[in-house]
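> One structure coming up, written as structure tokens, with questions to follow.
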Amino acid sequence: MQSVGQRDREGGIGIAFSGFRGLGTLRMNGNHRTVLVTGGARGIGRACVEAFAAAGMRVVLNYRTSRAEACAVAEKFDGAVLPVEGDMSIEEDITRVFDTAEAEFGPVNILVNNAGILGRTRFPDLNGDAFLEMLRSNTVGPYRVARQFFLRLGEETGAVVNIGSMRAFLPSSVDYSASKAALHNMTVSLAKAMAPRVRVNAVAPGFTDTDMHAGNRERLEAEGAKALLGRYSAPEEIAEAVLFLVSDRARSITGQVLLADNGRSLV
Ligand SMILES: NC(=O)c1ccc[n+]([C@@H]2O[C@H](COP(=O)([O-])OP(=O)(O)OC[C@H]3O[C@@H](n4cnc5c(N)ncnc54)[C@H](OP(=O)(O)O)[C@@H]3O)[C@@H](O)[C@H]2O)c1
């Protein structure tokens, strides 16, 4: 078995996932060394940052408000994780994050579009402006980041994973579900637009134990119990799906949305 970051005969990077059960060693394209994870200080984003860093990659950890959490993650990885502040729905911030990433770590080859918000206002109280704000955060923001990623990639190859949601397939909050359904559809369109150099996929998590459910653990427990597998996910499990999709094991996969919801949407 290869050790972390060791090159194999084909020039790929062997990645051993310590603490990630069952995946064993994944191969990454040898040029794919720098990852940007948006919203990487907490929850699913943090789990992705830690998994990539543990695998020997350089990780740009974008955060918006969670500076202390971002710095705490960076401290664990001795220079391999670079925290960069920025609101990923704002074009100038996105430009600055990429400029900083490139100056410190070189070109970004892998993008995880994770940043997202969950609205609390339900129909019919939800007004059009709040709906637009949701689309700006969860759909247009990831589009802006993906566009910037592609423009800067030049002739290089790369991979993108968008974090969608099971709720895109179900009746749920009007604004959140619509924003994630649009993100899923955008994944398919971008896979075509960025081919053949960049694979673009999405992971659609079901109920996952993050701050998004802070204050409503009863709902998390109840929804987990309803799922076919009788459980909700840990953020690290979603990160495993993300790492699979950017690895060479998924080299024939593009334009797909991978549901990781413990079978909740089938109930
Ligand atoms: N938890 C679930 O059950 C679940 C299920 C399906 C999908 N998802 C999706 O998974 C993703 C991560 O959510 P999570 O559950 O890990 O929630 P979380 O713990 O609340 O984390 C959300 C993250 O998004 C960041 N963020 C939000 N808007 C941002 C912006 N404009 N620019 C930069 N960062 C921004 C936050 O950054 P700061 O803290 O720095 O502000 C935070 O790190 C989201 O896209 C969410 O929709 C979650």
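The values are calculated or read from the model by the stated rules, or taken from the named source; none is laboratory data. The model shown is predicted, which means the values in this text are computed figures rather than measured ones. Glycine gets a Cβ as well: all are built from the backbone with ideal geometry, and neighbour counts include every protein chain shown.
> Just to be sure before I move on: is THR38 in contact (Cβ under 8 Å) with a residue 60 or more places away in the chain, within 25 Å of ARG197 (Cβ to Cβ) and within 9 Å of the ligand (Cβ to nearest atom) in the structure I sent? Explain how you work it out, then say what you get.
Values: in contact (Cβ under 8 Å) with a residue 60 or more places away in the chain: yes; within 25 Å of ARG197 (Cβ to Cβ): yes; within 9 Å of the ligand (Cβ to nearest atom): yes.
Answer is yes for this residue.
> Residues of the range 185-207 being surrounded by fewer than 19 Cβ atoms within 10 Å (Cβ to Cβ) and in a helix (DSSP H, G or I), which ones? Talk me through it step by step, then tell me what you get.
Of the residues in the range 185-207, the ones surrounded by fewer than 19 Cβ atoms within 10 Å (Cβ to Cβ) are 185, 188-189, 192-193, 195-197.
Correct list: ASN185, VAL188, SER189, LYS192, ALA193.
> Right, GLY119: modelled with pLDDT under 95 and within 14 Å of the ligand (Cβ to nearest atom) or not?
Working: modelled with pLDDT under 95: yes; within 14 Å of the ligand (Cβ to nearest atom): yes.
Spelling it out, GLY119 is indeed modelled with pLDDT under 95 and within 14 Å of the ligand (Cβ to nearest atom).
> Of all the residues that make up the range 159-174, how many are surrounded by 24 or more Cβ atoms within 10 Å (Cβ to Cβ) and either more than 9 Å from the ligand (Cβ to nearest atom) or at pLDDT below 95 (or both)?
Here the count works out to 3.
> Go through (1) buried (at least 19 other Cβ atoms within 10 Å of the Cβ); (2) over 19 Å from the mean Cα position of the chain (by Cα); (3) not hydroxyl-bearing (Ser, Thr, Tyr) and name the single condition PHE123 misses.
Among (1) buried (at least 19 other Cβ atoms within 10 Å of the Cβ); (2) over 19 Å from the mean Cα position of the chain (by Cα); (3) not hydroxyl-bearing (Ser, Thr, Tyr), PHE123 violates only (1).
> Among the small types (Gly, Ala, Ser) and part of a helix (DSSP H, G or I): does that describe ALA115?
no
> State all residues of the range 50-73 that are under 20 Å from ASP93 (Cα atoms) and either more than 11 Å from the ligand (Cβ to nearest atom) or free of Cβ contacts under 8 Å to residues at least 12 places away in the same chain (or both); if no residue qualifies, say none.
Within the range 50-73, the subset under 20 Å from ASP93 (Cα atoms) is 59-71.
Answer for the range 50-73, where residues must be under 20 Å from ASP93 (Cα atoms) and either more than 11 Å from the ligand (Cβ to nearest atom) or free of Cβ contacts under 8 Å to residues at least 12 places away in the same chain (or both): VAL59, VAL60, THR65, ALA68, CYS71.
> Within the range 194-214, can you find the residues that are away from the ligand (no atom under 13 Å from the Cβ) and touching a residue at least 12 places away in the same chain (Cβ under 8 Å)?
Going residue by residue through the range 194-214, those that are away from the ligand (no atom under 13 Å from the Cβ) are 194-201.
If the condition is that a residue be away from the ligand (no atom under 13 Å from the Cβ) and touching a residue at least 12 places away in the same chain (Cβ under 8 Å), then MET194, ALA195, ARG197, VAL198, ARG199, VAL200, ASN201 are the ones that fit.
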